[in-house]
Amino acid sequence: MRERQARHDARRAREFEAFVAGAAGRLLHAATLLTAEAPDANPRARRLLTLALAHTYARWDRLRGEDPYDCARQYLATRFARGTWHHYGALGRARPDPRSPLAALRPQERLILVLRLYEGVAEEQTAALLGLPAERVRTLCDRATATVLHPARTAAPRAMGAKVAPS
């Protein structure tokens, strides 16, 4: 009996290691986009990834035909949303890194943009995952896309009394 359990545990560990080898990079990139951290300095994204992988490993035997990537992505999104929207933990209080491509977006907009455009999750699935109407998801996605594609131009501050050359 113990031998069979040991074989089962070894097979489970190999399967999960193969999953992590294939999916961790993409999940880390999604987490980095969500937290709006710099790609080379992303401790909050790494923590989110660790939590999502731990959750997926805990459910590994119960997935039965479900895609483990979907499970990890869903946990990553809900954990980010819970931590950010309700200001629990460090995720809600952290400022986005200005080097992040999504730094100008609010957390909810980042989450929807990452799910819809980076991960390719359907609008209805995103709405169901976040508990929002599909129209709201569409509006937020459109707004976030416009913000990323056409960032607001900020005027450079001029020194007092400085002359401006004619254009």
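The values are calculated or read from the model by the stated rules, or taken from the named source; none is laboratory data. Treat the numbers as computed from the prediction; the structure is a model and nothing was measured. Reconstructed Cβ throughout: ideal geometry from the backbone, glycine too, with neighbour counts over all protein chains shown. Note: accessible area is taken over every heavy atom of the protein model, side chains too, but ligands, DNA and RNA are not part of it. Shrake-Rupley method; radii C 1.70, N 1.55, O 1.52, S 1.80 Å.
Data overview
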quantity	calculated
Under the Karplus curve 6.51 cos²θ - 1.76 cosθ + 1.60, θ = phi - 60°, whole-Hz ³J(HN,Hα) for segment 43-52, x wherever Gly or Pro sits	x, 5, 5, 5, 5, 4, 4, 4, 5, 5
Per residue accessible area of the chain, 1.4 Å probe, in Å²	64 Å²
Residue-by-residue Karplus 3J(HN,Hα) for segment 73-83, coefficients 6.51, -1.76, 1.60, Hz, glycine and proline x	5, 4, 5, 4, 5, 5, 5, 4, 4, 4, x
The chain - charge dipole about Cα centre, Lys and Arg +1 at Cβ, Asp and Glu -1, debye rounded to 20	500 debye
Placed amide H near residue 38: partners under 5 Å, 5+ positions off or other chain	97
Nearest 10 degrees, 0 to 90: helix 134-149 Cα axis against the chain principal axis	60 degrees
Bins of 5 Å from zero: percent of alpha-carbon pairs in segment 1-56	4, 19, 22, 17, 12, 9, 7, 5, 3, 1
Cα-based helix-to-principal-axis angle, 2-35 vs the chain, degrees rounded to 10	10 degrees
Net +/- balance of residues flanking residue 31 in space, Cβ distance below 15 Å, scoring K and R +1, D and E -1	+4
Among 56, 147, 126, residue whose mean-square fluctuation peaks in a GNM of the chain (springs only between Cα atoms under 10 Å)	147
Rounded accessible area of residue 69 (nearest 10 Å², 1.4 Å probe)	30 Å²
Area of residue 29 that stays accessible when all protein chains are in place (1.4 Å probe, Å², to 10)	90 Å²
In segment 1-82, trypsin sites (Lys or Arg not before Pro) in a DSSP loop with at most 11 other beta-carbon atoms within 10 Å	64
